[in-house]
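Bear in mind that the values in this text are calculations on the coordinates, not laboratory data. All values reported here derive from a predicted model rather than from experimental measurement. Positions of Cβ are generated from backbone atoms using ideal geometry, with glycine treated the same way; all protein chains shown enter the neighbour counts.
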Amino acid sequence: MVVGDFPIETETLVIGAGPGGYVAAIRAAQLGQKVTIVEKGTVGGVCLNVGCIPSKALISAGHRYETAKQSDSIGIIAENVKVDFSKVQEWKASVVKKLTGGVEGLLKGNKVDIVRGEAYFVDANTVRVMDENSAQTYKFKNAIIATGSRPIELPSIKFSKRVLDSTGALSLQEIPNKIVVIGGGYIGIELGGAYASFGSQVTILEAADDILHGFEKQMTALVKRNLKKKGAEIITKAMAKGVAEKENGVVVTYEAKGEEKNIEADYVFVMVGRRPNTDELGLEQAGIEVNEKGIIKTDKQCRTSVSNIFAIGDVVEGLDLAHKASYEGKIAAEVIAGHNSEIDYLGIPSVVFSDPELASVGYTESQAKEDGIEVIAARFPFGANGRALSLNSSEGFMKLVTRKDDGLVIGAQIAGPSASDMIAELGLAIEAGMTAEDLAMTIHAHPTLGEITMEAAEVALGTPIHILK
Amino acid sequence: MAQEYDLVILGGGTGGYVAAIRASQLGLKTAVIEKEKLGGTCLHKGCIPSKALLRSAEVFATAKRGEEFGVMAKEVSINFGKVQERKNKIVGQLYQGVQHLMKQGKIDVYKGTGRILGPSIFSPMPGTISVEMNNGEENEIVIPKNVIIATGSRPRTLPGLEPDREFVLTSDEALEMEFLPKSIIILGGGIIGIEWASMLSDFGVDVTVIEYAERIIPTEDKEISREMHRQMKRKGVKIATSAKVLPETLQKGGGVIISAEVKGVQKEFKAEKILVSVGRLANVEGIGLENTEIQVENGCIAVNEYFQTKESHIYAIGDCIGGLQLAHVAAREGIVAVEHIAGQNPSRIDYSLVSKCIYSNPEAASVGFSEDEAKEKGYKVKVGKFSFRAIGKALVFGESDGFVKIVADEETDDILGVHMIGPHVTDMISEAGLARVLDASPWEVAHTIHPHPTLSEAIGEAALAVDGKAIHS
Ligand SMILES: Cc1cc2nc3c(=O)[nH]c(=O)nc-3n(C[C@H](O)[C@H](O)[C@H](O)COP(=O)(O)OP(=O)(O)OC[C@H]3O[C@@H](n4cnc5c(N)ncnc54)[C@H](O)[C@@H]3O)c2cc1C
Ligand SMILES: Cc1cc2nc3c(=O)[nH]c(=O)nc-3n(C[C@H](O)[C@H](O)[C@H](O)COP(=O)(O)OP(=O)(O)OC[C@H]3O[C@@H](n4cnc5c(N)ncnc54)[C@H](O)[C@@H]3O)c2cc1C
């Protein structure tokens with residue numbers, strides 16, 4: 001310790017103010033802890049600043065543009081529809097600013113101490129926080145690591161002015177003519193899709209044999225169809241090899257079907273996954289164990305190998321999702337406050353804001369089969385739902401996965417309009433241990449998209465009203 | 001030749017056709033008698049066409065404010081003919097679907113007006129039905145073991161304010177309008193009235209709502225009414241509450257002029273047209289009830305909890321029995337009636353679990369007791385409220401007004417009611433409905449992980465707010 005550096009004492013120290021960290025901090029404060037949160041960048045983390053929110057803002061603006069252009073089919077004529085992309089960016093920034101400002105207000109309102117700077121473990125009860133011109137030591141009883149993740153860079157394709165990660169892709173000031181997206185995961189599909197909506201010619205290169213790993217073929221097929229309608233090309237089993245920069249663009253080299261090919265584009269988006277921010281944290285000084293990928297090992301209570309230090313969000317195992325980070329944050333805060341909370345991942349939904357939206361919670365049919373569970377997978381199409389028709393978006397379906405012996409709902413997948421909002425009910429059904437019969441018996445309002453849930457349950461029971469058996 | 005059936009359903013609206021499908025699934029020989037079109041009010045004059053028009057109106061309103069989001073259009077206009085065409089296409093598509101389902105279920109459909117006969121040569125019991133056929137052929141006689149009356153309802157009118165297709169409309173005529181009026185008075189600020197007000201105002205029509213009660217949508221929670229009022233006014237809808245219309249003052253000419261007593265003061269209102277939306281009357285006339293012991297109370301057919309009338313083999317469901325006049329209620333009543341007929345033991349309907357939706361812009365939706373209702377029933381209530389302003393997805397939609405409100409029982413911790421107003425809340429009410437069915441506590445709903453960034457996060461937060469634990473407020 002430097003002479004004259006008096007450590008500041010706190011009860012719970014949270015490192016990183018993303019959706020994991022700030023939620024953990026607020027919950028810990030609500031439970032009576034004295035809480036300090038350290039953030040080296042902007043409050044709100046990836047999610048609010050360069051992730052979920054700005055990406056959804058672009059996607060939403062893209063939808064507005066498409067809806068306006070296509071609205072003559074529903075009797076609304078918008079002439080000469082154009083995108084003013086700098087205005088889109090301005091609006092996006094204003095949404096982000098409102099929300100990050102809000103989070104900062106909430107932290108303060110809950111009497112959480114916000115400290116600016118980068119935290120580094122000195123030992124299992126101490127961190128040093130450094131900003132440009134000063135350093136301060138903090139002593140804590142418990143700590144929560146929520147330092148999130150960052151985009152992976154490919155060794156052969158380095159980031160540059162025209163080779164962008166998701167953050168760069170989100171902050172373009174113009175709509176490019178041609179884009180190559182490397183990676184058909186949800187970030188690549190969402191952002192590639194957004195620019196395709198704005199009129200860019202998009203090529204998506206995916207190394208695996210399908211996009212959106214984890215979602216079933218019937219669902220990804222719908223997404224691919226709509227991407228193609230927007231003029232996008234999807235090349236699967238394609239390995240990106242390298243990029244040559246030219247004066248006004250790039251040439252991407254990739255290998256598909258044993259052949260090497262080139263595509264020219266204005267920009268390349270590299271969206272091949274994220275890696276945890278655990279390399280510059282001094283974890284070894286505190287004795288915290290990580291796996292070979294840098295993921296921090298935790299137990300069901302989000303506890304690391306050091307019993308007073310917890311880790312949540314993108315730095316631990318599992319999907320990189322904001323609500324998973326927040327959920328783990330609440331659990332960690334509760335455990336620190338002496339509650340006996342534990343993580344249960346079955347009810348964690350994942351959503352993709354593609355066109356149509358995809359959402360999934362619990363088991364898919366194939367996962368259930370792999371685990372040896374006998375299931376009934378009941379499908380109901382949006383096309384047989386009055387609300388979907390009236391909204392002019394009737395493509396897609398719900399698939400409800402129930403256990404064959406007792407009808408228990410163990411999973412659901414939705415592809416269709418508002419899938420991301422509809423999945424919440426299925427999450428509740430799974431959490432509450434409901435059966436297909438319970439769902440069918442619940443009166444769903446007419447005409448709502450929610451009726452699809454009831455009808456899918458009726459399909460599972462063998463007595464559907466609005467489709468043929 | 002008279003045909004015999006296990007079940008004959010009088011009226012092929014939502015209640016009737018859903019009952020028919022369930023009956024066929026249960027192996028009953030079933031017929032439906034429909035004098036107009038299968039699908040009834042809901043499909044042809046109600047839920048579906050109104051929501052199709054509302055969608056066009058919403059898209060128009062959204063396209064006009066595209067500039068805020070960087071999407072510019074030189075000019076946005078309405079092709080109302082096309083709006084109507086699309087509506088008709090959707091109705092047509094679903095109508096075909098229903099017809100197809102009848103065929104597939106081997107359900108006989110009689111196109112005509114049915115009338116219940118008393119004891120006759122066909123049967124010693126009342127319930128035989130004579131069908132006056134639409135095609136002018138000789139009346140058909142059908143002899144059912146059981147009957148379900150599902151004749152629905154029609155718009156209520158006021159003496160002196162009968163629809164004339166030109167100046168005075170009900171929703172039936174309004175749905176068929178060929179042109180948008182410049183201005184309209186909507187008499188009645190209930191659910192249907194407010195949907196019309198929102199839609200027409202979004203289409204650019206100058207709208208005035210005259211409501212008798214002291215607030216619009218008086219069946220909803222007070223705070224929902226207040227927020228809806230605020231948002232309608234912001235759109236430019238003029239609203240007079242505690243206003244008693246004086247039908248005798250109606251003058252028709254280039255438009256309409258009518259007076260109302262507004263909080264005791266007589267006021268004159270002028271517009272191109274007037275839409276009367278003051279509730280619905282059950283269709284109980286001309287169907288032969290006088291030939292039976294069936295009782296009519298307050299204009300509706302009286303039934304027990306399994307929807308049996310005084311004639312135990314004759315059931316009645318849907319709008320013709322009053323209560324919550326909603327399509328999903330009619331459908332469920334139909335299913336319960338059929339299962340009872342088939343000798344099953346259906347669970348009774350708990351009407352406090354039924355959700356109600358308003359498809360205005362913003363939407364509103366609710367299930368269970370309002371705060372005041374809960375208090376009147378003697379509950380000690382606690383309330384959690386969460387605004388869409390702190391929900392990222394609502395900001396992304398550019399629609400951050402509105403909130404989710406959860407009313408819970410302080411003693412048992414059960415959720416008693418959920419009330420929402422804001423973007424897409426009709427898609428979100430299912431979860432709340434399920435929570436009510438589960439007798440869930442706010443904690444259980446909060447514990448369910450709501451994906452980010454979605455609107456449904458507001459439900460999770462409102463549930464936390466019940467016990468003062470919301471994260472984002
Ligand atoms: C383009 C994009 C779109 C996405 N869309 C969605 C979506 O729709 N839905 C969804 O659920 N998820 C989405 N995600 C993922 C989501 O953003 C992450 O899962 C989430 O942000 C993880 O939260 P976190 O709290 O673990 O970490 P982060 O949000 O990454 O926050 C970590 C914070 O820690 C700070 N930090 C790091 N190291 C230190 C240190 N040493 N000292 C102090 N501070 C430090 C960082 O500055 C950062 O603010 C998206 C991600 C991207 C990139
Ligand atoms: C503008 C408007 C909007 C609405 N919006 C919604 C909404 O969004 N959600 C919702 O839940 N509800 C809504 N409703 C209410 C909904 O339409 C009704 O609750 C529902 O249609 C009732 O179904 P039903 O089967 O009881 O009667 P109906 O649908 O009215 O069907 C009765 C049928 O019986 C036929 N019939 C009557 N008498 C005879 C006879 N003697 N012989 C043969 N056939 C006969 C009629 O022709 C009709 O087809 C709306 C209503 C209106 C007017």
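Which of the trypsin sites (Lys or Arg not before Pro) found in the range B:235-339 are loop residues per DSSP with 16 or fewer other Cβ atoms within 10 Å of their Cβ?
For trypsin sites (Lys or Arg not before Pro) across the range B:235-339 that sit outside H, G, I, E and B with at most 16 neighbouring Cβ atoms in 10 Å, the list reads B:Lys263, B:Lys310.
Relative contact order for the range A:163-272 using alpha-carbon pairs under 8 Å, separation at least 6, rounded to a whole percent?
Averaging sequence separation for qualifying contacts and normalising by length gives 35 percent for the range A:163-272.
Once you average over the residues of B:454-461, how many Cβ atoms of partner chains fall within 10 Å of each Cβ?
The per-residue average across the peptide is 5.
Normalising by the residue count of chain A, find the relative contact order in percent from Cα pairs under 8 Å and 6+ residues apart.
This gives 14 percent for chain A.
For B:Thr249 and A:Glu370, FRET efficiency with R0 = 51 Å and r from the beta-carbon atoms, rounded to 0.05?
The formula returns an efficiency of 0.10 here.
With both bridge residues required to lie in chain B, what share of the DSSP beta bridges run antiparallel, to the nearest 5%?
60 percent
Going by average Cβ neighbours within 10 Å, how do the peptides A:311-318, A:260-267, B:385-392, B:109-116 rank, with the highest at the top?
A:311-318, B:385-392, B:109-116, A:260-267
Per 0.36 nm of contour for each residue apart, how much would the distance between B:Thr219 and B:Ile141 grow if the chain were fully extended, relative to their Cα-Cα spacing?
23.8 nm
Mean Kyte-Doolittle hydropathy of -0.5 or higher plus an axial Cα length of 24 Å or more: which whole DSSP H helices in chain A meet both?
Qualifying helices: A:52-70, A:85-109.
Taking the DSSP beta bridges in the range B:157-278 as the whole, what percent of them are antiparallel, to the nearest 5?
Bridges in the range B:157-278 that DSSP calls antiparallel: roughly 50 percent.
Just flag the trypsin sites (Lys or Arg not before Pro) in the range A:385-455 sitting in loop per DSSP whose Cβ has no more than 13 other Cβ atoms within 10 Å.
Those satisfying the criteria are A:Lys404.
DSSP beta bridges in chain A, what fraction antiparallel, as a percent rounded to 5?
Looking only at bridges with both residues in chain A, the antiparallel portion is about 60 percent.
Under a plain spin-label model, where a point goes 7 Å from the Cα along Cα-to-Cβ, how far apart in nm are B:Asp439 and B:Lys235?
4.0 nm
Would you list, by chain and number, the lysines whose Cα falls below 20 Å from the Cα of B:Lys382, excluding same-chain residues fewer than 8 positions away?
Straight-line reach from B:Lys382, under 20 Å: B:Lys222, B:Lys405, B:Lys469.
Restricting to DSSP H runs of at least four residues, report the calculated mean residue ellipticity at 222 nm for the protein assembly as shown, -39500 (n - 2.57) per run over all residues, nearest 500 deg cm²/dmol.
Calculated at 222 nm, the ellipticity per residue is -9500 deg cm²/dmol.
Rounded to whole Å, give me the distance from the Cα center of the range B:244-306 to that of the range A:2-73.
Their Cα centres are 54 Å away from one another.
Which whole-number percent is the relative contact order of the range B:6-48 (Cα, under 8 Å, 6+ apart)?
47 percent
Ranked highest first by the average count of other Cβ atoms within 10 Å around their residues, in what order do B:128-139, A:330-341 fall?
A:330-341, B:128-139
With a point put 7 Å past each Cα toward its Cβ, work out how far B:Phe122 is from B:Thr412 in nm, to one decimal.
Going by the 7 Å Cα→Cβ label model, 4.7 nm.
Under a straight-distance cross-link criterion of Cα-Cα below 20 Å, which aspartates and glutamates are reachable from A:Lys229, leaving out those fewer than 8 residues away in the same chain?
Straight-distance partners of A:Lys229: A:Glu66, A:Asp72, A:Glu190, A:Glu206, A:Asp210, A:Asp355, A:Glu357, A:Glu395.
Take the Cα of A:Arg116, step 7 Å along the line toward its Cβ, and report every residue of the range A:27-57 whose backbone nitrogen sits under 12 Å from that point.
Only A:39-43 pass the distance filter.
What's the FRET efficiency of B:Ser242 with B:Gln295 using the Cβ-Cβ distance as r and R₀ = 41 Å, to the nearest 0.05?
Approximately 0.70, to the nearest 0.05.
Return the FRET efficiency for the residue pair A:Lys161, A:Glu289: r is the Cβ-Cβ distance, R0 is 51 Å, and the value is rounded to the nearest 0.05.
With a Förster radius of 51 Å, E is 0.85.
Cα-Cα over 18 Å: which of A:Lys56/A:Lys293; A:Lys98/B:Lys393; A:Lys92/B:Lys233?
Over 18 Å apart, Cα to Cα: A:Lys56/A:Lys293; A:Lys92/B:Lys233.
What is the extension gain from B:Glu132 to B:Lys380, computed as 0.36 nm multiplied by their sequence separation minus the C-alpha to C-alpha distance, in nm to one decimal?
Contour length minus Cα-Cα distance gives 83.7 nm.
Determine the shielding of peptide A:92-104 by partner chains: average, over its residues, the number of Cβ atoms on other chains within 10 angstrom of each Cβ.
That average works out to 3.
Between the range B:4-57 and the range A:182-249, what's the alpha-carbon centroid distance in Å?
45 Å
A:Asp5 to A:Asn177: extension gain in nm, 0.36 nm per residue of separation minus the Cα-Cα distance?
Gain in length upon complete extension: 56.4 nm.
Quick one: check the C-alpha center-to-center distance for the range A:305-331 versus the range B:392-437, whole angstrom.
Distance between centres, Cα-based: 27 Å.
Which of the lysines could be linked to B:Lys35 by a straight reach, that is with a Cα gap under 23 Å, when you skip same-chain ones fewer than 8 residues away?
B:Lys45, B:Lys87, B:Lys89, B:Lys103, B:Lys106, B:Lys111, B:Lys145
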